[in-house]
Each structure stands twice: as C-alpha cells, then as structure tokens.
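The values are calculated or read from the model by the stated rules, or taken from the named source; none is laboratory data. Just so it is clear, the structure is predicted and the values come from calculations on it, not from any experiment. Cβ placement follows ideal geometry from the backbone for every residue including glycine, while neighbour counts extend to all protein chains displayed. For the accessible areas, the whole protein counts, side chains as well, though only heavy atoms, and no ligand, DNA or RNA atoms are used. Shrake-Rupley method; radii C 1.70, N 1.55, O 1.52, S 1.80 Å.
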Amino acid sequence: IPEHSLDRDCTTLSRHVLQQLQSFSADAQDLSSIMNRIALAGKLVARRLSRAGLVTGALGLTGDTNVQGESVKKMDIYANEVFISVFKQSGLVCRLASEEMDKPYYIPENCPVGRYTLLYDPIDGSSNVDINLNVGSIFAIRQQEGEDLDGEAKDLLTDGSKQIAAGYILYGPATVLVYTMGKGVHSFFLDPSLGEFILAQENIQMPDHGSVYSANEGNFWQWEEQIRDYIRYVHRHEGYTGRYSGALVGDIHRILMQGGVFLYPGSVDNPEGKLRLLYETAPLAMIMEQAGGKASTGKKRIMDYIPSKLHQRTPAILGSKKDVELVLSFINDKD
Ligand code: AHG
Ligand code: MN
Ligand code: MN
Ligand code: MN
C-alpha cells in the first residue's frame with residue numbers, strides 16, 4: 001500500500017470492495033454501498049461510545065431482557081437502531097437479523113425479493129460498555145433466498161458458505177473495521193479527520209501458532225474433561241499466556257494479529273455454548289479461515305454448521321491452525 005499518498009487516503013472501504021469484486025456491475029456497486037453503510041453505522045456507534053459517559057441515558061441497562069435471556073444495555077438498543085436506520089431508504093438490504101431482535105426486521109419499501117440480508121451483533125461484549133473497555137460489532141451479509149412470507153427467515157438456516165461478506169468493527173483506541181468477501185481479510189482504520197475508514201492491511205494472514213489462549217476459566221468446572229485437560233496442558237507448559245477481555249471481537253482481533261486460540265466451549269448445562277452462530281461465530285469463522293486459521297465447534301467446522309433456529313448457539317474454538325488443532329487433539333482423544 002502506498003505510504004500516506006493521496007492514493008492511500010483514497011483507498012476507502014467502498015473503493016476496496018469494487019477492487020475485490022473486480023467489477024463495477026450493479027451488484028458490485030450494491031455490495032460496495034452496503035459496506036459503506038456498515039462503515040457509517042460503525043462511525044455512529046463509535047461516536048456514541050466516545051461520548052457515552054457525557055450523554056445522559058447512553059449507559060446502563062434498559063431493564064429489559066432480550067431473546068437470549070440477557071439483560072439489555074441501552075447501548076445494545078442504540079447500536080441496533082443505528083444499523084436499521086442506515087439501511088432504511090437504501091433499497092439495498094431488505095431484512096436485518098440481530099442478536100437483539102427476536103424476529104428479523106423487514107424494510108418493505110423498494111425492496112425486491114432476492115436482495116440482501118444483514119445479520120449483526122450490534123454491540124458485542126456489552127459487559128464492557130459501562131467501563132469504557134473495547135466492544136465490537138459483528139456483521140455478515142447474505143442473499144435472501146425465496147419469499148420468507150412467514151417472517152421466519154428460514155432461508156437463513158444455512159451454512160456459512162452463504163455468507164457473501166463478513167467482518168467486525170472493533171471500537172478500541174482506534175476504530176478498526178476488518179472484513180472479508182472470501183478473497184482475503186483486510187483491515188481499515190477510521191481516520192477521524194477524514195471520517196473515512198482507510199485501508200491499513202490487505203490479505204492479513206495470521207501466524208499458524210501464537211502464545212495466547214483466550215477463555216473464561218471461571219467456567220473451568222462446567223467444561224468437559226477434555227477441555228479441562230487442554231487447559232491443564234497450557235498451564236503446565238511454557239510458552240502460553242492467557243488473555244481474555246470479555247468481548248469476543250477484541251479477543252479475536254488479538255488472535256488475528258498475533259496468533260493463538262480463543263475458546264468458548266459448551267458446558268454441562270449449555271452444551272451448545274454461549275456464542276451465537278449466525279452473527280458471531282459464523283462471520284468470525286469466515287475471517288479466521290480466510291486469514292489461514294481454523295474455526296471449529298469442537299466436532300465440526302463452524303462454516304459447515306447448519307443452524308436449526310435463528311439464534312442458534314455453537315461452541316467455538318477459533319484461531320491459529322496449530323493452536324486450534326491442539327485443542328481438537330484433546331477433544332478427539334476420547335473418541
Ligand atoms: P454480547 O455482548 O454480544 O452478548 O456478546 C458477549 C459474548 C462475547 O463477546 C464474549 O466473548 C462472551 O460473551 C463473554 O462471555 P462470558 O462473560 O461468559 O465469558
Ligand atoms: Mn448480548
Ligand atoms: Mn456478541
Ligand atoms: Mn451483542
């Protein structure tokens with residue numbers, strides 16, 4: 001990438017999408033516009049987060065519980081609304097499905113059938129919001145297939161290969177957008193002076209091993225014995241270090257950049273684990289694989305997993321090839 005030339009500052013996300021698709025077709029332009037609107041959502045959420053402590057009503061709980069059974073933060077709802085607002089009157093996305101909505105949100109006006117669907121986690125790691133630690137947004141774009149007349153969005157109950165694009169926005173010291181369209185993983189930094197996400201790294205390839213393992217060891221006694229054996233292994237062997245932020249996007253970005261493994265296994269009570277497939281583990285699985293890593297439920301490739309419901313949860317072992325394989329070697333020992 002040319003260093004700080006005008007060309008670099010003009011390598012915006014929307015231009016990069018067209019380069020990725022090597023096309024200026026209407027479809028390519030649509031996807032470029034969709035990514036541009038996701039970037040706009042990211043800018044709106046980043047602005048709100050940076051002011052959250054000063055804006056009354058920005059922080060804290062709404063007092064409601066969402067379809068996940070979680071207490072909802074005001075920021076969850078704000079960010080959820082942001083994604084809906086940026087796609088209204090866009091004619092690009094006709095259906096939005098999110099962690100915070102029981103059923104998908106339909107945008108009826110000028111939305112021909114077969115248009116795009118946005119799946120998203122508006123604020124990932126919301127337990128970090130009130131303490132000014134990093135949070136993220138996760139997104140995936142799929143094509144609507146069929147009519148979906150009953151509002152059940154059954155066409156979304158398909159495997160990860162249906163994801164046309166996937167990625168995340170990390171609201172950290174800088175706001176970073178990372179995405180893939182199946183042709184490599186690319187990162188963009190928000191340049192506040194321009195109000196644009198500018199290309200930082202193309203075709204990111206994660207190391208095939210890293211020293212980090214990232215897991216909530218508070219769940220140790222709920223995990224299966226094989227997972228406990230893996231944790232005992234990394235405790236006893238030199239060269240491993242624990243890092244866990246409580247926000248998936250931040251933990252995954254560390255692993256994308258430096259290698260290692262993130263695991264959120266199932267437990268005795270919740271064998272499917274906590275993380276949701278369609279807007280958390282499947283988009284991140286696409287990123288991991290495109291960056292040369294692996295993404296497994298422990299039993300199968302996450303990208304092959306076919307959900308039975310919109311808010312399907314899956315256990316997740318995401319990260320560097322060798323590190324994911326080490327975890328799997330403990331799980332498969334029992335078979
Ligand atoms: P969300 O805030 O979107 O509900 O996601 C929270 C997820 C994920 O970000 C994180 O890795 C995990 O929950 C943390 O769970 P524990 O607090 O159980 O470790
Ligand atoms: Mn949540
Ligand atoms: Mn989440
Ligand atoms: Mn969330």
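Reported value for region 115-269: 172 Å³ per residue, from the convex hull of its C-alpha atoms. Only one residue of A153, Q222, Y179 has its Cα farthest out toward the positive end of the dipole of region 150-245, where Lys and Arg carry +1 and Asp and Glu -1 on Cβ, and that residue is Q222.
Out of every Cα-Cα pair in region 207-255, what percent are more than 15 Å apart? Across region 207-255, Cα pairs with separations above 15 Å total 49 percent. The angle between the Cα long axis of helix 74-87 and the main principal axis of the chain comes to about 40°, on a 0 to 90 degree scale. Summarising the strand pairing of region 1-136, around 50 percent of its internal DSSP beta bridges are antiparallel. 3J(HN,Hα) along region 296-312: 10, 7, x, 10, 8, 5, 4, 5, 9, 6, 9, x, 9, 8, 4, 9, 4 Hz, from the Karplus curve 6.51 cos²θ - 1.76 cosθ + 1.60 with θ = phi - 60°, whole Hz, x for Gly and Pro. What a 1.4 Å probe finds exposed on the chain is 50% carbon and sulfur by accessible area, rounded to a whole percent.
Cross-linked pairs K103/K321; K74/K183; K299/K322; K162/K309: Cα-Cα separations exceed 25 Å for K103/K321; K74/K183. Output the antiparallel fraction of DSSP beta bridges having both residues in the chain, as a percent to the nearest 5. Expressed as a percentage, antiparallel bridges in the chain total about 85. Taking Rh as the Kirkwood radius, which is the inverse of the mean 1/r over Cα pairs, what is the Rg/Rh value for region 262-331? With Rg and the Kirkwood Rh in hand, the quotient comes to 0.94.
If the segment from S329 to A28 were pulled out straight at 0.36 nm per residue, it would be longer than the present Cα-Cα gap by 104.2 nm.
Would you work out if region 1-76 is rounded, prolate or oblate? Take a ≥ b ≥ c from the square roots of the eigenvalues of the alpha-carbon gyration tensor; rounded if a/c is under 1.5, else prolate when a/b is larger than b/c, oblate otherwise. Here region 1-76 falls in the oblate category. Sorting the segments 298-306, 244-252 by their mean number of nearby beta carbons within 10 angstrom, highest to lowest, gives 244-252, 298-306. The charge dipole of region 122-178, taken about its Cα centre with unit charges on the Cβ of Lys, Arg, Asp and Glu (plus for the first two, minus for the last two), comes to roughly 340 debye. Here the chain is assigned +1 on the Cβ of each Lys and Arg and -1 on the Cβ of each Asp and Glu. Its dipole about the Cα centre then comes out at about 360 debye.
When shorter helices are ignored and each DSSP H run of at least 4 residues is given -39500 (n - 2.57), the per-residue value for the chain at 222 nm works out to -9000 deg cm²/dmol. Residues whose amide H falls under 5 Å from that of A165, counting only those 5 or more places apart or on a different chain, are I141, with hydrogens built in the peptide plane. The simple Förster model, with R0 at 22 Å and r as the Cβ-Cβ distance, assigns N203 and A174 a FRET efficiency of 0.65.
Axis of helix 26-51 versus longest Cα principal axis of the chain: the two differ by about 70°, to the nearest ten degrees. Largest accessible area first, the listed residues R142, R254 line up as R254, R142 when surface is computed with a 1.4 Å probe on the assembled protein chains. Highest mean packing first, where packing is the average number of other Cβ atoms within 10 Å per residue, the peptides 220-228, 177-185 line up as 177-185, 220-228.
Each peptide in 97-110, 229-242, 70-83 gets a packing score, the mean of other Cβ atoms within 10 Å over its residues, and the list from highest to lowest is 70-83, 97-110, 229-242.
Within the straight-line cut-off of under 19 Å between alpha carbons, the aspartates and glutamates reachable from K300 are D159, E224, E225, E272, E280, E289, D323, E325, D333, D335, sequence neighbours fewer than 8 places apart in one chain being disregarded. Per residue, the convex hull around the alpha carbon atoms of the chain comes to 140 Å³. For the chain, the solvent-accessible area works out to 43 Å² per residue, with a probe of 1.4 Å and every protein chain left in place. Which of the three applies to region 221-319, rounded, prolate or oblate, going by the alpha-carbon gyration tensor with a ≥ b ≥ c and a/c under 1.5 meaning rounded? Verdict is oblate for region 221-319.
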